[in-house]
There are 2 protein chains.
Amino acid sequence: MNRNLRATAQRKLIVEELRKLNSHPTANEIYEIVRAKLPKISLGTVYRNLEILSESGLIQKLEMAGSQRRFDGTVEDHFHVKCISCERVSDAELPFLKEILDSIEGVNDYKIMQRRLEFSGLCPKCRNKNGEMEQPEVSGWERHEAG
Amino acid sequence: MNRNLRATAQRKLIVEELRKLNSHPTANEIYEIVRAKLPKISLGTVYRNLEILSESGLIQKLEMAGSQRRFDGTVEDHFHVKCISCERVSDAELPFLKEILDSIEGVNDYKIMQRRLEFSGLCPKCRNKNGEMEQPEVSGWERHEAG
DNA sequence: TTCCTTAATAGTAACTATTATCATTTATAA
DNA sequence: TTATAAATGATAATAGTTACTATTAAGGAA
Ligand SMILES: [Mn+2]
Ligand SMILES: [Mn+2]
Ligand SMILES: [Zn+2]
Ligand SMILES: [Zn+2]
């Protein structure tokens, strides 16, 4: 059931630009990039095409935890690491883990269809700047309430 | 550095109700639940407290991929499965995997601080209803463009 | 107890990412 | 060509969440 996509200039440019990058841009970042070559393109068009293109399997949509949606010109399923400081997202190639996860077909009577593994931490550039991170602490009333 | 939380009726009720559940409610679902006992509570108060309580380590905030934030009365780190049909979220106890993931301390020069593993698929209740799911297909222009 | 300080609340406005609407344009196949 | 329907640009709407602010109320000190 072919969706019969039309090869519009906007659509071709979005795929082309996204595939040049090894970053994982948001819809808005892609909008800014394609706007350089197609100044009249609208943000809605970018969103609509990113959705259609990922549904069609031509690009990949990344739903990262707790942050905005990102897109990936690489279609093969792989893992990602996100820097908690600068939000940068990089690929994490872990074929060993990929194999283990793919072998899990059921959990708690669920039929597993997708497995998402996402790391977060500090990227090489942010590692130095951020010396320490504070730990959460349990307050007085709760310590008693819970005990 | 204790945040010196005050034991307000609203705050205590939110923790109490959340801990009764083994579901993973959204902020709005928690709002509806606590409203039964504290009708004047505001949605903003629920959001504010869920944030504070999770920062303090008294509850857990779940940032699920591509869907709204959920909360967990269980504080211990564990995995989740989400039904792609009814959105239900269940715990996935996989101590074997947890150990493997925790042993990964670095990827691509990132210092890993958090590991999130999330499954999605069909829950036992939805397994029967949803017979088949359609596959995405590559359209004509892209097949040539890519080749 | 009563009083004081300041955290927390209710109510509401604002914000951000994303989706929907719709009149106009344009790719494509006949 | 021309007809058709997909796609666009502009803009409005929506959803989830956060910010603001006057008022209330924990909880420690007197
Ligand atoms: Mn990637
Ligand atoms: Mn859980
Ligand atoms: Zn960084
Ligand atoms: Zn279900």
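Since every read-out is calculated from the coordinates, none of them should be taken as a lab result. Because the structure is a prediction, the values reported are computed rather than measured. Using ideal geometry, Cβ is built from the backbone for each residue, glycine included, and neighbour counts are taken over all protein chains shown.
Annotations for the structure displayed:
- Cross-link pairs exceeding 18 Å in C-alpha to C-alpha distance, out of B:82/B:125; B:20/B:82; A:20/A:61; A:82/A:125, comprise B:20/B:82.
- Mean partner shielding of peptide B:54-66, defined as the number of other chain Cβ atoms within 10 Å of each residue Cβ, is 4.
- Whole-number Å³ per residue for the convex hull built on Cα positions in the protein assembly as shown: 180
- Between residue A:4 and residue A:63, full extension at 0.36 nm per residue minus the direct alpha carbon distance yields a gain of 18.7 nm.
- Distances between equivalent label points of residue B:38 across the copies, with each point positioned 7 Å along Cα→Cβ, amount to 5.1 nm, shortest listed first.
- Averaged over A:99-111, number of beta-carbon atoms from partner chains that fall within 10 Å: 5
- Cα gyration tensor shape of the range A:1-75, rounded if a/c is under 1.5, else prolate or oblate by comparing a/b with b/c: oblate
- Compared with the direct C-alpha span, the chain from residue A:55 to residue A:75 gains 6.1 nm at full extension, assuming 0.36 nm per residue.
- Using the Cβ-Cβ distance between residue A:21 and residue A:109 with R0 set to 45 Å, the FRET efficiency from 1/(1 + (r/R0)^6) comes to roughly 0.65.
- Each other copy holds its own label point for residue B:76; taking that point as 7 Å from Cα along Cα to Cβ, the gaps run 3.7 nm, nearest first.
- Cα pair count fraction exceeding 14 Å, expressed as % - the range A:48-100: 57
- Here is how far apart the residue B:129 label points are across copies: 4.6 nm, shortest first, using a point 7 Å from Cα toward Cβ.
- GNM top mover of A:51, A:87, A:99 - chain A, alpha-carbon springs below 10 Å: A:99
- For the range A:8-46 versus the range B:93-131, the gap between their alpha-carbon centres in whole angstrom: 31
- The listed peptides A:65-78, A:112-125, ordered by packing as a protection proxy, come out as A:112-125, A:65-78 (highest mean of other Cβ atoms within 10 Å first).
- Rg(Cα)/(2.2 N^0.38 Å) for the range B:1-126, N = residue count: 1.18
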